[in-house]
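Q: Here it is: the structure, laid out below.
The values are calculated or read from the model by the stated rules, or taken from the named source; none is laboratory data. All values derive from a computational prediction rather than experimental measurement. Positions of Cβ are backbone-derived with ideal geometry, glycine not excepted, and every protein chain shown enters the neighbour counts. Only protein heavy atoms, including side chains, enter the accessible area calculation; ligands, DNA and RNA are left aside. Shrake-Rupley method; radii C 1.70, N 1.55, O 1.52, S 1.80 Å.
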Amino acid sequence: MKAHVLTLFPELVKQPMEHSIVGRALSRGQLTVDVLDIRSFATNKHAKVDDSPYGGGPGMVMTPQPLVDAIEATRALCQKPWVIAFSPAGRLLDQARVRQLVAESVTDGRECIFVCGRYEGIDERVLDGWCDEIMSIGDYVLSGGELAALVVIDAMARLVPGVLGNAASPDEESLEQGLLEYPQYSRPESFRGHPVPEVLLSGDHARIASWRRARALARTRERRPDLFARLTLSAADKKLLES
Ligand code: ADE
């Protein structure tokens, strides 16, 4: 999988990617991420990338020239570019969209170009004319798109075949099925008087599976009623929840 990140803070994107699963995928060549500094495309004397908003208001807006030149230069390097700009005003990312993005990258050779906004935002003409998708990672406001780019790259990388290895299968993960994850426990059997649920020590795989399903369903109902409302519950699920 190959991706590009356009940012005013390249180190903010590069350094976190050196670690853990993404770092390993990068060093194995399963993933390539090119990080470009938008400021290096500014043609004005002081490499200025922002200006005050027309119509007034607080803050600064990222001006079109450096951004559009950076996007066009990156697009020219890609066979199948797909430009995603980050904004809290974008469409909300979820696991289904992550899965689609990975499929398009891995199967069709699409390369995502992530555009990270800063300041009060990006001149709307850039979003309208040069971006294919506007993405938000949640209903809160970050200081820029860099953390959003890292979130998407991390979520995508672990779905790239081979990145997690055989031991962990993302398909079995809760959110892949529209459910929250069931609770996990490890050693010791009792910690400061809190025991591990007895069923997990029973060795009875059928009982363990239905206990986990019941916990995942109950937790989703309690913590994420929005997800719960979208589930189609089997008769067995309904019985589990009642119990
Ligand atoms: N930029 C600022 N806030 C953001 C958010 N929630 N998602 C994506 N990009 C952002």
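Q: What are the trypsin sites (Lys or Arg not before Pro) within the range 127-211 that DSSP puts in a loop, where the Cβ has at most 10 other Cβ atoms within 10 Å?
A: Of the trypsin sites (Lys or Arg not before Pro), the ones in loops of the range 127-211 whose Cβ has at most 10 other Cβ atoms within 10 Å are Arg192.
Q: Something else: For the range 57-174, what is the convex hull volume of its Cα atoms per residue in Å³?
A: So the per-residue Cα hull volume is 109 Å³.
Q: Return, for the Cα atoms of the range 143-201, the radius of gyration and Dmax in Å, separated by a comma.
A: Expressed in Å, the Cα Rg and Dmax of the range 143-201 come to 16.6, 46.
Q: Can you give me the Kirkwood hydrodynamic radius for the range 173-242, using every pair of distinct Cα atoms, in Å to one decimal?
A: Hydrodynamic radius (Kirkwood, Cα only) of the range 173-242 equals 13.2 Å.
Q: Taking the convex hull of the alpha carbon atoms in the range 195-236, what volume per residue do you get, in Å³?
A: Taking the convex hull of the Cα positions in the range 195-236, it is 70 Å³ per residue.
Q: In addition: Largest first and in whole Å, what are the equivalent-ellipsoid semi-axes of the range 1-129 based on the Cα gyration tensor, each being the root of 5 times an eigenvalue?
A: Working through the eigenvalues yields semi-axes of 27, 17, 15 Å.
Q: How large is Rg/Rh for the range 102-243, to two decimals, with Cα atoms and a Kirkwood Rh?
A: Over the Cα atoms of the range 102-243, Rg/Rh equals 1.08.
Q: Which loop-located chymotrypsin sites (Phe, Trp or Tyr not before Pro) does the range 17-84 contain, where loop means any DSSP state but H, G, I, E or B and the Cβ has at most 12 other Cβ atoms within 10 Å?
A: Qualifying residues, ordered by number: Tyr54.
Q: Once label points are set 7 Å from the Cα along Cα→Cβ at both Ser174 and Ala76, what is their separation, rounded to one decimal in nm?
A: Taking the simple label geometry, Ser174 and Ala76 are separated by 4.8 nm.
Q: Could you give the angle, 0 to 90 degrees to the nearest 10, between helix 205-223's Cα long axis and the longest principal axis of the Cα atoms of the chain?
A: Rounded to the nearest ten degrees, it is 50.
Q: Once phi is turned into ³J(HN,Hα) by the Karplus curve 6.51 cos²θ - 1.76 cosθ + 1.60 with θ = phi - 60°, what whole-Hz value does each residue of the range 129-134 show in order, with x for glycine and proline?
A: x, 10, 10, 8, 7, 10
Q: Further question on the same structure: Can you tell me the mean projection area, over all orientations, of the convex hull of the range 41-90's alpha carbons? Units nm², please.
A: 4.8 nm²
Q: Using a probe of 1.4 angstrom, how much of the accessible area of the range 173-242 is carbon and sulfur, in percent?
A: Here carbon and sulfur together make up 51 percent of the probe-accessible area.
Q: Between Glu189 and Ala89, what is the label-point separation in nm under the 7 Å Cα-to-beta-carbon projection?
A: Those two pseudo-labels are separated by 6.0 nm.
Q: Moving on to the next point. In debye, nearest 20, what is the charge dipole magnitude of the chain about its Cα centre with +1 on Lys and Arg Cβ and -1 on Asp and Glu Cβ, if you could check?
A: 700 debye
Q: Right, here's the next one. Calculated FRET efficiency, Ser143 and Glu104, Cβ-Cβ r, R0 22 Å, to nearest 0.05?
A: That pair, Ser143 with Glu104, gives E of 0.15.
Q: Now for a separate question. Run the simple label-point estimate for Tyr54 and Ser243 please: 7 Å along Cα→C-beta, distance reported in nm.
A: 6.5 nm
Q: Note the per residue figure in Å³ for the convex hull of the C-alpha positions in the chain.
A: 187 Å³
Q: While we're looking at this one, here's another question. If you only keep lysine pairs separated by 8 or more in sequence, or across chains, how many in the chain come under 26 Å at the Cα atoms?
A: So the count of such lysine pairs works out to 4.
Q: Now, a different point. Please list, by residue number, every one of the chymotrypsin sites (Phe, Trp or Tyr not before Pro) in the range 178-234 that is coil in DSSP and has at most 14 other beta-carbon atoms within 10 Å.
A: Those that pass, being in a loop and sparsely packed, are Tyr185.
Q: What accessible area per residue, rounded to a whole number of Å², is obtained for the range 2-157 using a probe radius of 1.4 Å?
A: Value for the range 2-157: 51 Å² per residue.
Q: Using alpha carbon centroids, what distance separates the range 177-200 and the range 11-88, in Å?
A: Here the two parts' Cα centres lie 42 Å apart.
Q: To the nearest 500 deg cm²/dmol, what mean residue ellipticity at 222 nm is calculated for the chain from DSSP H runs of n ≥ 4 alone, each contributing -39,500 (n - 2.57), summed and divided by the residues?
A: -11000 deg cm²/dmol
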